[in-house]
Amino acid sequence: MKCRVCRAPGVIDIRRHNANFCADHFLRYCREQVARTIKEFDMAAPGDRLLVAVSGGKDSLALWDILLELGYDVDGLYVGLGIGDYSDVSGTYVQNFVSTFLEPRGERSTTTLTHIDLRSEYDYDVPTAADATGRAPCSACGLSKRHLFDKAAREGDYDVLVTGHNLDDEAAVLYGNVMKWQIDYLARQRPVLAAENGFPKKAKPLVRLSERETAAYCVLRGIDYQVEECPMAAGNRHLEYKHALAAAEEASPGMKQAFYFGYLRDAAELFEQSNDGAPDGAPALLACESCGSPTSGDTNGQPRCAFCRLSQRAAAAEPVPVELLQTRRR
Amino acid sequence: MLVKLRNPSKDLIFDGPMSVVKLLKKLDLQRESVLVIRDGTLVPGDAVLPDDAEVEIRPVISGG
Ligand code: SF4
Ligand SMILES: [Zn+2]
Ligand SMILES: [Zn+2]
């Protein structure tokens, strides 16, 4: 197996492109794919300030590194979710990345990391929020993260909020949306969403890279990341969809990319149009009475956002350790 | 050879030499779903692992 570019011994094969690469050319390939994606979907312009949401996992750390290598002005944001040891270890990987990859850049880098901790700043954590509200953990977690990312991007005056969603993530979400014909979600499943109604512009620059590629990027670049799964992820739908797609990809390499990019090319617009024509449309947004974020209000039409409702209920509850939540949910 | 699985962690011993493809087959793993790591770098599918090798098999599918 030889590198497609330099004919040196290859370390990785990418079956859907029928290509092998040595370590150096693989790292370059990943950066080129990201640069191409940013350009193709108009994700960021030169001089833009980017905020990347980092979790300590392979995707977000690879993305942060790639964006810096491509010369972007990009800061990191980490949210401590309070999911037991998992969160503590994840935070350590983010810190290690900062000290190994950012600090040695010295004055060449003005990149900063902001750390928000749910428990110390909002008086709750994800397991407690899930238990107190009856939501699935990933739903309570996703709501919290989205709110805090949006808020940080708005308050820090960033031009784009970027996340590490990769090709497998997006293909799995698309698969789930199609399986359930979630027309409104399909209409919004784009790798870039413009700023609107007080929400920041959002982009997913890794959609051309599979998760095997982002993991390989980290290994070859020497980035240590959280390999363990989040204990709340077990048995979630997203993972089931990924396994279904992995089986299809194994049988016919390139299927996943054709599914997702074919959707963007040929079908996304149709769903957007059909959704625009919906008679009730999107409700007008109000400012949340406790945090000021844009919200469509609660069931009584009060201007209180979903995050404030969740965090207030969770903060009033006794803390639930992750192990206990796992047994309760079983 | 020593084979370290992750998620959950488990150490296994196999007789070498053996190719990566064959090892993954024995473990019933899809090649696209894992990376094989040895001495801090990746081992391609066609490589043959010697009997004294120590490798990590790292899953890449995550559910977050
Ligand atoms: S798996 Fe679910 S609970 Fe865990 S970090 Fe991801 S979204 Fe949050
Ligand atoms: Zn090469
Ligand atoms: Zn609010």
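Bear in mind that the values in this text are calculations on the coordinates, not laboratory data. Model, not experiment: these values are computed from the prediction. For neighbour counting, all protein chains shown are included, and Cβ atoms are generated from backbone atoms with ideal geometry for every residue, glycine included.
Between 0 and 90 degrees, the angle of helix A:306-316 with respect to the longest Cα principal axis of chain A falls at about 70 degrees. Our coupling estimate for segment A:133-144, obtained by passing each phi through the Karplus curve with A = 6.51, B = -1.76, C = 1.60 and θ = phi - 60°, is 9, x, 7, 5, x, 5, 6, 5, 5, x, 4, 4 Hz, Gly and Pro reported as x. Counts of other chain beta carbons within 10 angstrom of each beta carbon in peptide A:11-17 average 3.
Taking every residue in A:240-250 and counting other chain Cβ atoms within 10 Å of its Cβ, the average works out to 2. Computed over the Cα atoms of segment B:3-58, pair by distinct pair, the Kirkwood hydrodynamic radius stands at 11.2 angstrom. Per-residue mean of foreign Cβ neighbours for A:211-217 is 5 (Cβ atoms of other chains, 10 Å radius). In nm², what is the average projected area of the convex hull enclosing the Cα atoms of segment A:200-299? That works out to 11.1 nm². Seen from A:Ala129, the other residues with C-beta closer than 10 Å to its C-beta sum to a net charge of 0, counting Lys and Arg as +1 and Asp and Glu as -1. Among A:Asp131, A:Asp24, A:Asp65, which one moves the most in a GNM of chain A with springs linking Cα atoms closer than 10 Å? Its mean-square fluctuation being the largest, the pick is A:Asp24. Between B:Leu12 and A:Gln302, the modelled labels are 5.6 nm apart [label points 7 Å from Cα along Cα→Cβ]. Modelled label positions at A:Val5 and A:Lys39, each set 7 Å beyond Cα in the direction of Cβ, lie 1.5 nm from each other.
Give me log10 I(q)/I(0) at q = 0.19 Å⁻¹ for segment A:88-241, Debye formula, one equal scatterer per alpha-carbon, no solvent. Ignoring solvent entirely, the Cα scatterers give -1.80.
Residues considered: A:Ser144, A:Ser290, A:Ser60. Largest GNM mean-square fluctuation over chain A, using C-alpha springs under 10 Å, is found at A:Ser290. Kirkwood Rh over Cα pairs of the protein assembly as shown into Stokes-Einstein at 10 °C, 1.306 mPa s: D in µm²/s? Roughly 71 µm²/s, to the nearest whole number. Counting other Cβ atoms within 10 Å as a rough exposure proxy, the listed residues B:Met1, A:Met179, A:Met1 run A:Met179, A:Met1, B:Met1 from fewest neighbours to most. Which value in nm describes the separation of the simple spin-label points at A:Asn18 and A:Glu228, placed 7 Å from the Cα toward the beta carbon? Using points 7 Å along Cα→Cβ, the separation is 4.3 nm. The residues neighbouring B:Val43, those whose beta-carbon lies less than 12 Å from its own, together hold a net charge of -2 under the Lys/Arg +1, Asp/Glu -1 convention. The phi torsions of segment B:25-40, fed into the Karplus equation with coefficients 6.51, -1.76 and 1.60 and a -60° offset, translate into couplings of 4, 4, 7, 6, 10, 7, 4, 6, 9, 9, 10, 9, 10, 9, 6, x Hz, rounded to whole numbers, with Gly and Pro shown as x. All other residues whose Cβ lies under 11 angstrom from that of A:Ala171 are scored, Lys and Arg at +1 and Asp and Glu at -1, for a net of -3.
Of all DSSP bridge pairs formed entirely within segment A:1-140, close to 25 percent run antiparallel.
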